[in-house]
Amino acid sequence: MIGAPVFIDRIGKAYGSQTAIGAVTLDIPAGEFLSILGPSGSGKTTLLTMIAGFESPSAGRVIIGGRDVTAMSPDRRNIGMVFQRYALFPHLTVAENIAFPLKMRGIRKEFRAERVDRALDLVQLPDYAKRYPHELSGGQQQRVAVARAIVFEPPVLLMDEPLGALDKKLRESMQLEIKQLQRRLGATVVYVTHDQEEALTMSDRIAVMARGELAQLGTPADIYCNPQSAFVADFVGKMNFLAGEFSNEIAGSRTIRLGDGVVIDTLGAVAGFAGSAKIGDRVRVALRPERLALAARGAGGKNVLPGRIETSVFAGSFDLHIVRTDFGSGEIIQVQIPTDGMREPFATGTPVDVIVERDGLRVFADAEG
Ligand SMILES: Nc1ncnc2c1ncn2[C@@H]1O[C@H](COP(=O)(O)OP(=O)(O)OP(=O)(O)O)[C@@H](O)[C@H]1O
Ligand SMILES: [Mg+2]
């Protein structure tokens, strides 16, 4: 199977006076794994169902494999789809469920069985052909839904939170399976999720949606390391935010006053800011928990934030330290330090310095959400 490119051209959807999707443009090359990531209600399902053809857009076009399919019915678009809530036919066996799209396409019975078997092998359920959906676990049902979506070897595969109902362990193994399946098939995949970890691990690129608009489009590393707005910074990965304001410049670098005389140097990391920042402008400083270090109070140095340990907990691969700042209104900073059996735990109340590493800091205008 060879994937087909998908071009979504300024697509929009309004329900009455409410805009569910603004004018979203996405150019997805053949064989790409693109995730659509966003909070509940941001328009992910609406976008996907317009690509599939189950909803018609209020504006814009959908081009698949170079053909304008905007006016075409779903069954003529040759797209495999896994829905948000798995929708197997309860009265059909697993094999009959998977054979259904083949039957719809007029493929003769003797050819169907072999393709059903192959699809069952791909999702690693070879011995389940004769079972009924209610005799399967949630994860198995979901795999059958995936098998049904891929059995006719569609060049485009759309998946709407296909793993949402599964527990963490099963979700992670299914993520790997889906990813390997996609590589083997070469299909273009548009994968909807509200789980940022899932999007980061599975995708070639991620489209972050906010309120029906595209907030940012980029590779997982791009989205994580260079968020262009406080919204994306906050939604993808963990982030600490501190309120401050631009103060004067030191040697060409902006400084930010955080309160009570604590000043930090932005070290040039003023991305996500419209460029015209003036002294006194309110900003939000964003700090990734894993880009911070801790030291006993008074070590000195640049970009050091004084605080006190509120709690320290073991979290598996890292220790999580909750620090309350000694300046401003006493905000909370989360600090993640890779677990090191040798380290003495900090007692509650210990005065510490939170050290902001180079590149560990982003600055955003305060106005945006
Ligand atoms: N048939 C409809 N009629 C009116 N409004 C709708 C309809 N379908 C969706 N909406 C609205 O459009 C917006 C986007 O909905 P959508 O289902 O695309 O969100 P989502 O990102 O998939 O959310 P979730 O993560 O909860 O599945 C929501 O505000 C929703 O209420
Ligand atoms: Mg949805």
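The values are calculated or read from the model by the stated rules, or taken from the named source; none is laboratory data. Here the structure is a predicted model, which means the values were calculated and not measured. Backbone-built Cβ (ideal geometry, glycine too); neighbour counts: all protein chains shown.
Could you count how many residues in region 13-28 are within 12 Å of ligand 1 (Cβ to nearest atom) and either of a type in the set (Lys, Arg) or touching a residue at least 24 places away in the same chain (Cβ under 8 Å) (or both)?
From region 13-28, those within 12 Å of ligand 1 (Cβ to nearest atom) are 13-22, 24; that's our starting set.
After this cut, where a residue has to be either of a type in the set (Lys, Arg) or touching a residue at least 24 places away in the same chain (Cβ under 8 Å) (or both) as well, the list is 13-14, 19-22, 24.
Residues in region 13-28 being within 12 Å of ligand 1 (Cβ to nearest atom) and either of a type in the set (Lys, Arg) or touching a residue at least 24 places away in the same chain (Cβ under 8 Å) (or both): 7 in total.
Looking at (1) under 19 Å from the mean Cα position of the chain (by Cα); (2) within 27 Å of residue 181 (Cβ to Cβ), find the lone condition where residue 69 falls short.
(1)
Of 200, 217, which residue is more than 16 Å from ligand 2 (Cβ to nearest atom) and either part of a strand (DSSP E or B) or closer than 21 Å to residue 50 by Cα (or both)?
Working: 200 fails: either part of a strand (DSSP E or B) or closer than 21 Å to residue 50 by Cα (or both).
After applying the criteria, what remains is 217.
Could you list, in sequence order, the residues of region 21-51 that are surrounded by fewer than 20 Cβ atoms within 10 Å (Cβ to Cβ), small (Gly, Ala, Ser) and within 16 Å of ligand 2 (Cβ to nearest atom)?
Correct list: 40, 41.
In region 167-206, which residue that is of a type in the set (Ser, Thr, Tyr) and within 16 Å of ligand 1 (Cβ to nearest atom) is farthest from residue 43 (Cα to Cα)? Outline the logic, then answer.
First pass over region 167-206, keeping only residues of a type in the set (Ser, Thr, Tyr): 173, 188, 191, 193, 201, 203.
This time we only want the ones that are within 16 Å of ligand 1 (Cβ to nearest atom), so: 191, 193.
On the way: 191: 13, 193: 11 Å.
Checked region 167-206; the qualifying residue farthest from residue 43 (Cα to Cα) is 191.
Please find, within region 167-197, the residue that is nearest to residue 106 (Cα to Cα) out of those that are part of a helix (DSSP H, G or I) and hydrophobic (A, V, I, L, M, F, W, C). First the steps, then the outcome.
Taking region 167-197 and keeping what is part of a helix (DSSP H, G or I), we get 168-185, 196-197.
With hydrophobic (A, V, I, L, M, F, W, C) added as a condition, the list becomes 170, 174, 176, 178, 181, 185.
Details: 170: 35, 174: 31, 176: 32, 178: 27, 181: 25, 185: 22 Å.
My answer is 185.
Have a look at 60, 80 and point out the one that is within 16 Å of ligand 1 (Cβ to nearest atom) and not in a helix (DSSP H, G or I). Steps first, please.
Working: 80 fails: within 16 Å of ligand 1 (Cβ to nearest atom).
Only one candidate qualifies: 60.
Examine region 55-62 for a residue that is closer than 21 Å to residue 128 by Cβ and away from ligand 2 (no atom under 16 Å from the Cβ), and state whether such a residue exists.
Applying the first criterion (closer than 21 Å to residue 128 by Cβ) to region 55-62 yields none.
No: zero hits.
Could you tell me whether region 182-195 includes any residue that is modelled with pLDDT under 90 and among the aliphatic types (A, V, I, L, M)?
yes
Quick test of your reading of the structure: residue 164 fulfils all but one of (1) small (Gly, Ala, Ser); (2) in a loop (DSSP other than H, G, I, E, B); (3) out of contact with any strand residue (DSSP E or B) (no Cβ under 9 Å at 6 or more places or on another chain). Name the failing condition by number.
With respect to (1) small (Gly, Ala, Ser); (2) in a loop (DSSP other than H, G, I, E, B); (3) out of contact with any strand residue (DSSP E or B) (no Cβ under 9 Å at 6 or more places or on another chain), residue 164 is out only on (3).
Going residue by residue through region 109-123, is there one that turns out to be assigned to a strand (DSSP E or B) and either at pLDDT below 95 or within 16 Å of ligand 1 (Cβ to nearest atom) (or both)? Talk me through it step by step, then tell me what you get.
As a first pass, look at region 109-123 and keep what is assigned to a strand (DSSP E or B): none.
No - not one qualifying residue is present in region 109-123.
Given 198, 213, 114, 135, which one is crowded, with 16+ Cβ neighbours inside 10 Å and assigned by TED's automatic domain parsing to the domain that holds residue 66?
On the way: 213 fails: crowded, with 16+ Cβ neighbours inside 10 Å; 114 fails: crowded, with 16+ Cβ neighbours inside 10 Å; 135 fails: crowded, with 16+ Cβ neighbours inside 10 Å.
198 is the lone residue from the list that is crowded, with 16+ Cβ neighbours inside 10 Å and assigned by TED's automatic domain parsing to the domain that holds residue 66.
Give me the residue from region 46-57 that is within 11 Å of ligand 1 (Cβ to nearest atom) and in a helix (DSSP H, G or I) and, out of that set, farthest from residue 7 (Cα to Cα).
Within region 46-57, the match that is farthest from residue 7 (Cα to Cα) is 46.
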